[in-house]
């Protein structure tokens, strides 16, 4: 089991969700986040006061998937979230030790 | 300590009132004696000759009064409110609303009499106590206008002038927004209104006032309102000190659309302020109204263009700030200059005020939170001096008797200087006094938490 965490551009969320459900991912968790990477922030100017805004709004998508689906999932996110410009985001993959479905008590791959 | 101070103030005020009332009684008695002695025919003729207010003028002045109230309670509140951080929104709204209510009451109790009465030997500076509590005033009482034989109901004049006193005092809060104690501000406002607004209004607008007699031109209050308040705000910002984190932490405006709504309400209300200052619904009011459109538009355009040229982007806040600067500059000039003169005045004030709120402010290092000095004092000074230039008939102005440009500009500069010095000194003394007695500034913890919850126990936005 793998946890796929993708940081993407907010306006790409719908496309990513659609691509993931098309390949059979059962569920994702979405969080609005802020961060900085290579994409530069911007400057805001209010009369004489200048503020550099370093942190840009992004969306974090998390999906727990069976290891067998991993490549498909990565490809789906990569294709759907890409614009080709700096700031498209990153995908992180990490192992999952255990999963439990709270309602039934199922665990492991059955709980995904 | 607080209670003792309040008691002393109350006692002093009461003593003043009782003295005033007895003086008033005396005057009434004297009048009665004269009336009894004078022949009945002469009295009858006098009554017949008394001018009657025109219904159009009266309506216009009541409408103008409402417009100026629109400038203050929603207008200035939202203009200022949008510029502060979300945690201080309600404190700004409370301050403006509270000051409006306070000054309204003080104005009819003693303000009007001291501002527009005849102070005898002190008349160059201040009025008298004859009309404390509006004594003797009825619906039939009248106030003079700029035309001989034309009058308006005195109650209308009292109400119109009330709004000027209120907005001037409320303007000051922008200088030290986000860090002042609410109670201290209310006490300061009452004192400042008494010792700075009333004498300056009297000197500029009342017959016999020092600047009035010198021939200083101030159609709707460039010196009385804007320079006066702008200087007080600067002194306040310096005495109270910078906000915690000023220049280090971001303090971006929390809601610029509200600032835009506020600026627009200010613009609309300003027609009452400027065109209403004509006191009659005549061509003079129409000229002031037109000037209040075009000067404002010109200043919004030049601020916008300067931002685009100097910084690459024209901002909404810049356009709105330019408009307010234009309104300030055309205030003393409104009924005195031609429309092209008004445009010139507006065009100049845009870039200068932009410099005042950025370059000048940075160089001097004070934290005038909402740029009351940079826009109202600086814009007011340009307007006051500019009025001396553009009132010239050669430049399309209405002209004044015995006009020479250099002479009038010198007179205008005198008006500016007197106002700057008077307001500066009085404000400094009063801020220090209030600070000593009750403290001006909230605690560091309260400031970080935000004044909405720490001073008012409520929150503007439930998120």
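A few comments on the model shown:
- Filter result for residue A:44 (modelled with pLDDT under 95 and more than 22 Å from residue A:7 (Cβ to Cβ)): yes
- Exclusive hit being at negative phi, in contact with a helix residue (DSSP H, G or I) (Cβ under 9 Å, 6 or more places away or on another chain) and assigned to a helix (DSSP H, G or I), set A:79, A:58: A:79
- Those helices (runs of 4 or more DSSP H) lying entirely in the range B:269-387 with at least 3 residues more than 14 Å from chain A (Cβ to nearest Cβ) and surrounded by 19 or more Cβ atoms within 10 Å (Cβ to Cβ): B:283-311, B:316-330, B:339-355
- Listed conditions (1) closer than 27 Å to residue B:54 by Cβ; (2) crowded, with 24+ Cβ neighbours inside 10 Å are all met by residue B:138, apart from (2).
- The sole residue among B:407, B:397 that is in a loop (DSSP other than H, G, I, E, B), modelled with pLDDT of 95 or more, more than 23 Å from the chain's Cα centre (by Cα) and over 29 Å from residue A:47 (Cα atoms) is B:397.
- Residues located in the range A:49-65, provided they are buried (at least 17 other Cβ atoms within 10 Å of the Cβ) and more than 13 Å from residue A:8 (Cβ to Cβ): A:49, A:64, A:65
- Number of positions in the range B:238-262 that are more than 14 Å from chain A (Cβ to nearest Cβ) and under 18 Å from residue B:450 (Cα atoms): 3
- Test: residue in the range B:244-256 that is in contact with a helix residue (DSSP H, G or I) (Cβ under 9 Å, 6 or more places away or on another chain), in a helix (DSSP H, G or I) and either at pLDDT below 95 or under 21 Å from residue B:374 (Cβ atoms) (or both): yes
- Filter result (over 27 Å from residue B:271 (Cα atoms) and in a helix (DSSP H, G or I)) within the range B:165-189: B:176, B:182, B:183, B:184, B:185, B:186, B:187, B:188
- Helices (runs of 4 or more DSSP H) wholly inside the range B:39-97 that include at least 3 residues being within 21 Å of the chain's Cα centre (by Cα), within 24 Å of residue B:367 (Cβ to Cβ) and at pLDDT 95 or above: B:77-81
- Tally of residues being within 14 Å of chain B (Cβ to nearest Cβ) and in contact (Cβ under 8 Å) with a residue 24 or more places away in the chain across the range A:16-46: 2
The values are calculated or read from the model by the stated rules, or taken from the named source; none is laboratory data. Just so it is clear, the model here is predicted, and its values are computed rather than measured. Because the Cβ atoms are built from the backbone with ideal geometry, glycine has one as well, and the counts that use them run over all protein chains shown.
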